[in-house]
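Inspection log for the structure reproduced underneath, given as structure tokens.
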Amino acid sequence: MSDSILRAEHLGITFGGLRAVSDFTLDIGKGELVGLIGPNGAGKTTVFNLLTGVYRPTEGEFWLDGRRMNGKKTYQVVRAGIARTFQNIRLFTQMSVEENVLVAFDESFTYRMGGALLRTPGFWRQERDMHARAMDLLSIFDLDSLASSRASNLPYGQQRKLEIARALATGMKLLLLDEPAAGMNPTETEDLLDCITIIRERFGIAILLIEHDMSLVMNVCQRIQVLDYGRTIASGTPGDIANDPQVISAYLGTDDSADAMDDTESEE
């Protein structure tokens, strides 16, 4: 597909004799938000590790915006346009909120060492530009007033948002969100849902989301793919997934499925 940002074909990996992910195929269009769900141990985070160069696939191929990515190292994947967040928040806790975003702009700095040492006009111009861009990103998540605060002093929900803001600063084409609502209360989760919507509308980037909060998944995702024991067992719209007997049996359960659909219908 010419408008695909991510295209994965028959992707898989085996550890020893254990096949963690097998025959994973997914196509994500520009600006599309796709959910990846399944029971614990289904292989969801392993898929993220394959897509970000943490693991090398033992089978299959994947492309980012038409560029083959197999064998790329993690830093090369980031520079190509894939950024991610993690289940466990990974911030530079002793740095300020703004500094956590600024570090993601490293590829945007073009001045040389001499310019930094001599504080040339070009150096200060880029410094002002980076500051403005960082504050713009922080404002999306209502973190601009906390720019000088130490990251470790932020409440849990705000740390989650800062991690997403830092990922956005890389200028990615595809954002991988690994359980962003984990540990959040309902108010924080609702706030996160609004932020994800703003990100898509403002930046037009594609998002692949792993999440166990089915209310969030059903309300925000355009399509959902379901993994179980490393294999895809279903793919479709939220309505399709919520009513799929195999998905209900393997993951959702009758009550969770009904609750998720009630939430989706109430939004409509």
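The values are calculated or read from the model by the stated rules, or taken from the named source; none is laboratory data. Quantities reported herein were computed from a predicted structural model and do not represent experimental measurements. All Cβ positions, even for glycine, are placed from backbone atoms using ideal geometry, and neighbour counts span all protein chains on display.
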Would you confirm whether any residue within region 75-87 is exposed (fewer than 14 other Cβ atoms within 10 Å of the Cβ), farther than 11 Å from residue 52 by Cα, modelled with pLDDT of 90 or more and not assigned by TED's automatic domain parsing to the domain that holds residue 144?
-> no
In region 43-59, what residues are surrounded by fewer than 24 Cβ atoms within 10 Å (Cβ to Cβ) and in contact with a helix residue (DSSP H, G or I) (Cβ under 9 Å, 6 or more places away or on another chain)?
-> 52, 53, 54, 55, 56, 57
Test result for residue 165, closer than 27 Å to residue 74 by Cα, outside any loop (DSSP other than H, G, I, E, B) and among the small types (Gly, Ala, Ser) = yes
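Here is a yes/no grid of residues against (1) in contact with a Leu (Cβ under 8 Å, 6 or more places away or on another chain); (2) at pLDDT below 90:
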| position | (1), (2) |
| --- | --- |
| 148 | no, no |
| 153 | no, no |
| 162 | yes, no |
| 191 | no, yes |
| 208 | yes, no |
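When you go through 26, 102 one by one, which is the residue that is buried (at least 19 other Cβ atoms within 10 Å of the Cβ) and within 23 Å of residue 226 (Cβ to Cβ)?
26
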Residue ID - modelled with the lowest pLDDT, chosen from residues in region 58-73 that are part of a loop (DSSP other than H, G, I, E, B) and farther than 22 Å from residue 29 by Cβ | 71
In the list 116, 42, which residue meets the criterion of being modelled with pLDDT under 95 and part of a loop (DSSP other than H, G, I, E, B)?
-> 42
From 34, 77, 97, 101, residue being in contact with a strand residue (DSSP E or B) (Cβ under 7 Å, 6 or more places away or on another chain) and touching a residue at least 24 places away in the same chain (Cβ under 8 Å) = 34
Counting just the residues of region 166-190 that are closer than 13 Å to residue 156 by Cβ and not acidic (Asp, Glu), which one comes out surrounded by the fewest Cβ atoms within 10 Å (Cβ to Cβ)?
-> 187
Scan region 239-264 for residues that are more than 18 Å from residue 44 (Cα to Cα), assigned to a helix (DSSP H, G or I) and at pLDDT 90 or above and jot them down.
-> 239, 240, 242, 245
